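The values are calculated or read from the model by the stated rules, or taken from the named source; none is laboratory data. Because the structure is a prediction, the values reported are computed rather than measured. In this analysis, Cβ positions are derived from the backbone assuming ideal geometry, glycine residues included, and neighbour counts consider all displayed protein chains. Side chains included, ligands, DNA and RNA excluded: accessible areas come from the protein's heavy atoms. Shrake-Rupley method; radii C 1.70, N 1.55, O 1.52, S 1.80 Å.
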Amino acid sequence: MGEIEMSQISESSTDRVLVRLPGRAEINSAGAIRRRRGIDATLAIGFPVLLLALWQLSSTVGWIDSRLYPAPTDIIRDGWELIKDGTLWPDIKITTMRVFYGFVIGAFVGVVVGLVMGSIRWIRKMLESTLDALYVVPKLALLPILLNIFGLGEGPKIALVATTVFFFVWISTMSAVISVPEGYREAAQCFGANRWDMFRHVLMPASLPQIFVAMRVGAGIAFLVIVAAEFIVGTDGLGYLIFNSRALFLNGHMFVGIVVVAIGGVIFTEIVRFIGRRLTKWAPHDGAATNA
């Protein structure tokens with residue numbers, strides 16, 4: 001921020017002039033951007049590295065039981081062994097496939113239903129109470145019903161992920177459409193916009209940034225749900241790997257599964273964030289906040 005100085009032109013004058021001096025960031029904006037990116041990268045990488053170092057130290061010196069909480073180096077070694085013997089990739093592949101299909105189905109239906117309910121009042125009044133009631137039901141409680149509908153196989157797991165993602169995306173999409181400022185709608189009406197023009201040029205562009213935020217949340221939630229589903233009814237996947245390893249007291253393999261789930265969730269969320277930034281260039285993003 002620039003510095004502000006107040007100078008008095010004349011001792012006898014009653015007029016005061018505010019002089020705003022440019023700050024360092026304004027004088028050398030390119031350097032300020034580089035410094036900010038360097039600080040951001042240091043914080044983003046340094047904090048988890050610090051946690052891992054503390055974990056490694058605690059396990060090495062015996063502050064924690066290394067049989068229950070293996071050191072990060074031991075987890076990396078176990079993970080490499082699982083990769084070499086070919087037992088980890090099939091679990092990663094099947095879990096990623098379930099998350100991807102469930103997320104795409106849930107997000108698509110959630111966006112469509114949210115846009116319709118946000119745009120058409122009588123449909124919103126008809127469906128909102130029913131969907132609100134279903135929203136509060138724990139999604140894992142729906143798994144027996146999904147098993148009855150889809151039977152054994154991939155169907156119930158994908159449907160569970162899709163159902164969970166749907167509710168997150170639906171609520172945010174409907175709220176985003178409803179919260180579009182009335183001035184936007186009035187301005188479009190003054191230019192003769194019909195219902196389709198209003199949707200295409202006003203409601204959709206104004207709602208899209210919030211929709212992508214909801215999809216990012218849904219992407220992370222999808223991994224949480226699939227791990228639980230694979231634990232309950234799965235015979236493969238990362239969730240099965242985690243809980244089966246725990247039952248066999250293979251805690252190193254269990255942590256490998258947890259780490260892979262975490263990495264997969266971060267990658268999937270960042271992919272959604274990247275797509276959102278590309279499609280909503282007009283909207284402010286967290287990276288645009290220069291003064292935070």
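Below are the figures for this structure:
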| item | result |
| --- | --- |
| Counted residues, the range 114-143 - those being aromatic (F, W, Y) and free of Cβ contacts under 8 Å to residues at least 12 places away in the same chain | 1 |
| Residues (in contact with a Gly (Cβ under 6 Å, 6 or more places away or on another chain) and open to solvent by less than 30 Å² (accessible area, probe 1.4 Å)) located in the range 167-178 | V169, W170, T173, M174, V177 |
| Filtered residues of the range 15-38 (kept if open to solvent by 100 Å² or more (accessible area, probe 1.4 Å) and β-branched (V, I, T)) | I27 |
| Tabulated pairs, the range 229-240, first in contact (Cβ under 8 Å) with a residue 24 or more places away in the chain, second among the polar types (S, T, N, Q) and assigned to a helix (DSSP H, G or I), C-beta under 8 angstrom, 6+ apart or interchain | E230/T95; G237/T95; L238/T95; G239/T95 |
| Residue among G234, G218 that alone is at pLDDT below 85, closer than 26 Å to Y101 by Cα and open to solvent by less than 50 Å² (accessible area, probe 1.4 Å) | G234 |
| Filter pass, G118 being among the small types (G, A, S) and assigned to a loop (DSSP other than H, G, I, E, B) | no |
| Top-ranked residue in the range 122-152 [being outside any helix (DSSP H, G or I) and open to solvent by less than 90 Å² (accessible area, probe 1.4 Å); ranked as nearest to M174 (Cα to Cα)] | V137 |
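A quick yes/no check of all residues on (1) open to solvent by less than 30 Å² (accessible area, probe 1.4 Å); (2) in contact (Cβ under 8 Å) with a residue 60 or more places away in the chain; (3) not acidic (D, E):
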{"site": "V180", "(1), (2), (3)": "yes, no, yes"}
{"site": "G192", "(1), (2), (3)": "no, no, yes"}
{"site": "M198", "(1), (2), (3)": "yes, no, yes"}
{"site": "I211", "(1), (2), (3)": "yes, yes, yes"}
{"site": "I226", "(1), (2), (3)": "yes, yes, yes"}
